[in-house]
Amino acid sequence: MAAPAIYGRPKFLTDAPFHYCPGCTHGIVHRLIAEVLGEKFEQDEVIGVAPVGCAVFAYNYFNCDMFEAAHGRAPAVATGIKRAQPDKIVFTYQGDGDLASIGMAETVHAAARGENITIIFINNGIYGMTGGQMAPTTLIGEKTSTSPFGRTAAANGNPIHVSEMLATLNGPSLIARVSVHDVKNVLNAKKLIAKAFQNQADGKGFSLIEVLSTCPTNWGKSPLEALQFVSERMIPEYPLGTLKEV
Amino acid sequence: MNRQMMKGNEAIAEAAVQAGCRFFFGYPITPQNEIPEYMSRRLVEVGGQFVQAESEVAAINMVYGAAGTGARSMTSSSSPGISLKQEGISYIAGAELPCVIVNIVRGGPGLGSIQPAQSDYYQATRGGGHGDYRMPVYAPASVQEAVELTQRAFDVADKYRTPVMILGDGIIGQMMEPVTMPEYTAPAFDRSWAATGWKEGCGRERAVINSLYIQPDVLEKHVNKLARKYAAISENETMVEELYMDDAEYAVVAYGTTARIALTAVRRAREDGVKVGLIRPVTVWPFPEKAIEDAAGRVKGMLAVEMSLGQMIDDVRLAARDRCPVRFYGRTGGIVPGVREIHAAIHAMKEEL
Ligand SMILES: Cc1ncc(C[n+]2csc(CCOP(=O)(O)OP(=O)(O)O)c2C)c(N)n1
Ligand code: SF4
């Protein structure tokens with residue numbers, strides 16, 4: 001008799017291998033989402049929206065009907081989907097350039113409408129896909145390919161705290177910031193992602209989970225150093241926790 | 001439905017609802033506001049959804065989402081707003097989604113004016129967004145025709161899985177005319193491509209609504225497939241109206257409301273003994289090239305009349321293939337060319353040619 005499987009591929013992931021760099025936490029977050037979806041829903045109950053960014057190919061990985069949205073427009077696309085298919089669980093997966101720069105209007109207004117969708121927001125403080133340019137979330141002092149002397153408020157503006165901002169709105173049912181830099185935090189991230197999807201299933205309205213994430217490639221760090229950077233530098237600027245829950 | 005007086009914008013909106021459009025996403029801009037206003041109350045009555053989006057960019061992307069589920073969806077705007085929709089239109093064309101976009105054109109460039117214009121012809125017919133794509137564009141000349149073309153637009157969108165544009169102008173949008181809503185029944189379309197929820201063994205492939213083809217050879221194949229679709233649309237869907245052309249020695253070419261004014265001028269010139277006819281493209285893409293080419297072989301000259309500096313005239317010249325000279329008369333900036341001016345331009349053409 002074969003040993004019972006205790007760990008395997010969630011049904012919400014296809015068997016396509018991830019294209020993410022070694023040490024990139026995009027993959028961890030994909031897996032958490034897929035686990036949560038698999039625990040709660042059938043495949044045909046879910047429709048996802050991929051961003052423009054390193055996760056552009058998320059439609060190859062999430063094993064359900066998927067959309068690829070224009071850069072930053074995923075919340076608008078998800079709005080259209082949800083209005084037409086109100087019984088489906090609709091989620092977007094977006095980076096910080098996508099969500100907090102070019103798509104800020106779409107993000108804020110989907111939240112303000114209380115659109116009953118779930119957004120998983122990957123904050124890695126950089127534009128990964130285009131090669132390491134400054135993001136709206138890049139920390140002050142950090143060098144990027146377009147802030148080569150280190151970001152300063154005077155020259156480059158200030159980092160945007162998306163979750164704090166959205167938490168001031170009446171629309172959202174859950175806004176939380178989590179991290180996946182260690183096991184404890186991974187487990188906690190999964191809990192909040194699960195809550196966000198449950199909220200949608202319960203008709204509670206908009207939820208967004210901000211996940212502090214790594215980009216070892218464009219940060220110029222080893223995978224381990226990148227995880228340390230999250231805990232030592234990012235968390236002080238972007239404190240973890242639930243910012244709004246109704 | 002009985003004959004009733006309707007404003008063009010409201011008639012377009014009602015025609016869409018009758019055609020089964022249940023999802024409308026818009027943003028206010030003059031002179032098309034009656035469309036979102038009408039939809040905001042009417043879609044509630046029929047169990048549809050209306051969203052006043054945060055911008056035209058968001059509105060067209062909401063259309064992308066709803067259309068990707070196979071639902072009949074629409075957005076409307078006017079020139080500056082249509083510029084903002086170009087990103088979404090390009091993605092919709094690339095992802096092969098059906099939808100209808102209404103452009104009630106106003107004067108430009110920039111913020112321009114809120115008066116009627118036809119200065120978005122290049123943008124509408126050349127694909128205002130990026131990439132190798134085309135889009136059927138209908139240019140109604142009356143409120144009744146706007147109704148019929150709106151319903152046809154939904155069918156053509158579904159048949160070919162393409163965005164379709166209704167290219168009106170401030171006159172069509174604001175004018176009240178008697179309208180009879182046609183009895184409309186939607187043909188059956190295959191929507192097995194739509195993203196409506198998939199699971200293993202459900203009988204179709206997993207849907208991925210997408211316009212990204214990262215491998216050049218795959219993208220080329222995709223674009224060539226689109227090109228075959230556009231060739232079929234040109235073949236099957238071109239519409240043109242020809243009036244007084246049987247014995248014509250001259251032809252006026254005009255579309256939309258300008259064609260109505262031009263028709264009065266043509267009739268007056270006929271009263272003066274000038275054998276002039278009117279060619280009215282109803283689809284401006286695909287452009288009725290054959291009708292123009294055939295006529296160009298028979299007439300001494302053509303006069304393109306437009307509410308712009310002259311944009312459609314390029315298509316007239318291309319189609320006429322130097323078989324006859326092509327002259328132009330137009331007003332721009334939101335000024336409507338009058339019957340007397342067009343009549344004078346017809347006489348000037350006759351004197352010259
Ligand atoms: C309209 C538009 N502008 C710019 C780009 C180029 N672009 C692709 S990905 C990207 C940034 C993505 O960064 P982020 O959202 O932070 O995601 P990450 O790659 O870091 O996961 C940009 C600017 C684009 N595809 N479309
Ligand atoms: S570039 Fe950065 S964000 Fe993109 S896959 Fe590599 S490590 Fe991850």
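Things worth noting here:
- Test result for residue B:235, closer than 15 Å to residue B:291 by Cα, out of contact with any strand residue (DSSP E or B) (no Cβ under 8 Å at 6 or more places or on another chain), at pLDDT 95 or above and not aromatic (Phe, Trp, Tyr): yes
- Looking only at region A:181-223, and only at residues there that are among the β-branched types (Val, Ile, Thr) and over 17 Å from the mean Cα position of the chain (by Cα), the one that is surrounded by the fewest Cβ atoms within 10 Å (Cβ to Cβ): A:183
- Residues (within 12 Å of ligand 1 (Cβ to nearest atom), of a type in the set (A, V, I, L, M) and in a loop (DSSP other than H, G, I, E, B)) located in region A:123-159: A:129, A:135
- Within the set B:194, B:227, B:207, the sole residue that is of a type in the set (A, V, I, L, M) and away from chain A (no Cβ under 14 Å) turns out to be B:227.
- Restricted to region B:229-332, the set of helices (runs of 4 or more DSSP H) holding at least 2 residues that are among the polar types (S, T, N, Q) and not assigned by TED's automatic domain parsing to the domain that holds residue B:133 comprises B:256-271.
- Region A:1-29 - residue that is free of Cβ contacts under 8 Å to residues at least 60 places away in the same chain and within 16 Å of ligand 2 (Cβ to nearest atom) and, of those, farthest from the other protein chains (Cβ to nearest Cβ): A:27
- Test for residue A:119: is it assigned to a strand (DSSP E or B), touching a residue at least 60 places away in the same chain (Cβ under 8 Å) and crowded, with 17+ Cβ neighbours inside 10 Å: yes
- Residue match in region A:18-25 (condition: within 20 Å of residue A:187 (Cβ to Cβ) and either within 12 Å of ligand 1 (Cβ to nearest atom) or among the hydroxyl-bearing types (Ser, Thr, Tyr) (or both)): yes
- Residue that is within 22 Å of residue B:314 (Cβ to Cβ) and polar (S, T, N, Q), where the choices are B:258, B:264: B:258
- Condition broken by residue B:343, with the remaining ones in (1) in a loop (DSSP other than H, G, I, E, B); (2) farther than 30 Å from residue B:110 by Cα satisfied: (1)
- Some residue of region A:99-116 being within 16 Å of ligand 2 (Cβ to nearest atom) and in contact with a helix residue (DSSP H, G or I) (Cβ under 8 Å, 6 or more places away or on another chain): yes
- From B:113, B:78, B:90, residue being within 25 Å of residue B:239 (Cα to Cα) and either free of Cβ contacts under 8 Å to residues at least 12 places away in the same chain or in contact with a Gly (Cβ under 6 Å, 6 or more places away or on another chain) (or both): B:90
- Of everything listed in (1) more than 20 Å from residue A:223 (Cα to Cα); (2) within 14 Å of ligand 2 (Cβ to nearest atom), the single unmet condition for residue A:123 is (1).
- Just one residue in the set B:141, B:146 is assigned to a loop (DSSP other than H, G, I, E, B) and crowded, with 24+ Cβ neighbours inside 10 Å; that residue is B:141.
The values are calculated or read from the model by the stated rules, or taken from the named source; none is laboratory data. As the structure is a computational prediction, the values presented were derived from the model and not from experiment. Quick reminder, even Gly has a Cβ in these numbers, built from the backbone with ideal geometry, and neighbours come from all protein chains shown.
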